[in-house]
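Colleague: Pasting a structure here, questions to come.
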């Protein structure tokens, strides 16, 4: 066995990607340019990973010499990929941090439509957690604090309807003043 492969490295994450429930790519970042250098190879790898994991109940898979941790939510699949020698718990902490951070900015509504509507925040979160394959942060609260991503607050429709029915219109504000 090659002793250089067992030496510790800061470059623990090889790739992160999010797929929808059909296996289509929504986000992907590959941190090792030699791993899958072309888009075709990346999509083929993602297809193989999706085919192996989309019906499985496990959280860890081993494929093509890679350790893959994953999680699903409604119509999304989240993947973090490391080398075969990588510590699964470290990869899982990255995955959990990513999922929890996204869950908070998406207000617990982690689904395809909401994710696509907030892609800039998703990229910021991924970049705050991992930089060039190096894990920078694994605490979702710290990630959100650093990203400082704010969603525009939605009006409380129940109160607006109640105010309209009761004729209490002074409680309503002009939305153009909020922007």
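Every number in this text was worked out from the coordinates using simple rules, so none of it is lab data. Computed from a predicted structure; not experimentally measured. A quick note on method: Cβ atoms are made from the backbone with ideal geometry, for glycine too, and the neighbour counts reach across all protein chains shown.
Colleague: Need one number: nm distance between label points at residue 34 and residue 111, each 7 Å from Cα along Cα→Cβ, rounded to one decimal.
Modeller: About 4.4 nm separates the two model spin labels.
Colleague: Moving on. Round to the nearest 0.05 the FRET efficiency obtained for residue 11 and residue 64 when R0 = 22 Å and r is the Cβ-Cβ distance.
Modeller: 0.75
Colleague: Then there is this: Hey, could you grab the Kirkwood Rh for the range 10-147? Inverse mean 1/r over distinct alpha carbon pairs, Å, one decimal.
Modeller: 14.8 Å
Colleague: Once you have the Cα-Cα distance between residue 24 and residue 145, take 0.36 nm times their residue separation minus that, and quote the gain in nm to one decimal.
Modeller: Using 0.36 nm per residue and subtracting the Cα-Cα distance, I get 40.5 nm.
Colleague: Please give the length that would be gained between residue 127 and residue 96 if that part of the chain were fully extended, namely 0.36 nm times their separation in residues minus their C-alpha to C-alpha distance (nm, one decimal).
Modeller: 9.7 nm
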